[in-house]
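The values are calculated or read from the model by the stated rules, or taken from the named source; none is laboratory data. Given the structure is predicted, the values throughout are model-derived calculations rather than measurements. A quick note on method: Cβ atoms are made from the backbone with ideal geometry, for glycine too, and the neighbour counts reach across all protein chains shown. Quick note on the areas: whole protein, heavy atoms, side chains included, nothing else; ligands and nucleic acids left out. Shrake-Rupley method; radii C 1.70, N 1.55, O 1.52, S 1.80 Å.
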Amino acid sequence: MEWLRLFFLHPVSFYQGAAFPFAFLFNYLCIMDSFSTRARYLFLLAGGGALAVAAMGPYAVLIFTPAVCTVALLCSLDPQQVHRWTFCFQMSWQTLCHLGLHYTEYYLHEPPSVRFCITLSSLMLLTQRVTSLSLDICEGKVEAASGGIRSRSSLSGHVCKALPYFSYLLFFPALLGGSLCSFQRFQACVQGSSALYPRYTFWALSWRGLQILGLECINVAVSRMVDAGAGLTDCQQFECIYVVWTTAGLFKLTYYSHWILDDSLLHAAGFGSELGQSPGEEGYVPDADIWTLERTHRISVFARKWNQSTARWLRRLVFQHSRAWPLLQTFAFSAWWHGLHPGQVFGFLCWAVMVEADYVIHSFANEFIRSWPMRLFYRTLTWAHTQLIIAYIMLAVEVRSFSSLWLLCNSYNSVFPVVYCILLLLLVKRKHKCK
């Protein structure tokens, strides 16, 4: 079948699919209590190392190096200093790697290696786990390795203390994709077992398999539509709106499929179930909430639900610690985390302005629109406008280069974000006048 061939031709999908037997094996051994907690940590770490070498080749060293350095920092620094140093080191390392991609694409004008792109994607996920763990230690949610490297314990003692950290940073179900899993949740899943897992995993994976099948069938149909029509370079006037909308739809379908596949791998290994949740911890958050994303008429809701675990991570890491312009700082950091390509900088900053406009516009509309026919009309109109703005932002982020971004900005699609900008300025001005 064409959809199956196209799906597994994607290198990340191939390696994620190849990891499923080992995920099932790990889950089965945990249920049967066939090996100790330390052996489970080693199994996950060894699987992560093998998967990294298989998927990234020599570039795997770019993942192993920051993981080792992060664990050294976690074990040697005081809890209140851990986050600052690990954040600075990890983001500096990731930025240097992204600069290598910039050099290849914009200076040498050569296509980057597929393995290097997989490495960068995995490195971004590693940054999430590193900063999440360091924040947990700084906030007292996770106990730091007591004594650490500065103590007089034996080398084996140091390794045993550091093993859970190493395993968490490199465990194979989340190495190439998947929702962010907290360190507390990771420990609870590794140390626990339940006879309910097999039945839960079977039905959960069956449902996700059907979702992937449906999404890939739609993906093939939309791909044919996009290929048969004009592109952004040769479309004219209102035709460009259709081109951007269908192309963005293709991107969204691809994201949905891969997020569900990543989610399935975590479930297969036992990390996606509520059974591994520790008391007081937030439940498992899948990245793809397709129903909400496709029917919402608010850009702010789309921003919170798109790649949910990453949105929550950004909110915790940046938004909650920003004293001025938290929304702008959050989206600016997201552009930095994604690599600072021209289209990404423009797209994320545009998204920040659109979210701010969304808050102001809907607050005003809720005060003055009372009748249900007008509310229905307003909701339908804003839904269409939201979908077109999201398509515009998504294409800006995905095309990345200056030339493609220029074509997008000069098309009729720019009307939609401009309308929201004008409304934002008018309503803010009106608000100040009323005060």
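Remarks
- Rounded FRET efficiency, nearest 0.05, which uses the C-beta distance separating residue 370 from residue 434 and R0 of 25 Å: 0.80
- Overall form of the chain per C-alpha gyration tensor (a/c, 1.5; a/b vs b/c): prolate
- Cα centroid separation, the stretch 319-364 to the stretch 23-63: 37 Å.
- Choice from 90, 16, 184 showing the highest fluctuation, given a GNM over the chain with Cα pairs closer than 10 Å: 184
- Cα lying deepest toward the dipole's positive end in the stretch 267-379, options 321, 350, 308, charges on Cβ: 350
- Computed in the context of the full set of protein chains, the accessible area of the chain at 1.4 Å probe radius has 67% of its extent on carbon or sulfur.
- Ranked by the mean number of other Cβ atoms within 10 Å of their residues, highest first, the peptides 416-422, 336-342 fall in the order 336-342, 416-422.
- Ranked by the mean number of other Cβ atoms within 10 Å of their residues, highest first, the peptides 231-240, 127-136 fall in the order 127-136, 231-240.
- In this Cβ point-charge picture (+1 for Lys and Arg, -1 for Asp and Glu), the stretch 256-403 has a dipole of about 480 debye about its Cα centre.
- Residues of the stretch 1-134: accessible area per residue with a 1.4 Å probe, Å²: 47 Å²
- Calculated FRET efficiency, residue 236 to residue 206, Cβ-Cβ distance, R0 = 30 Å: about 0.05 to the nearest 0.05.
- Taking packing as the residue-averaged number of other Cβ atoms within 10 angstrom, the listed peptides 343-355, 21-33 run from highest to lowest as 343-355, 21-33.
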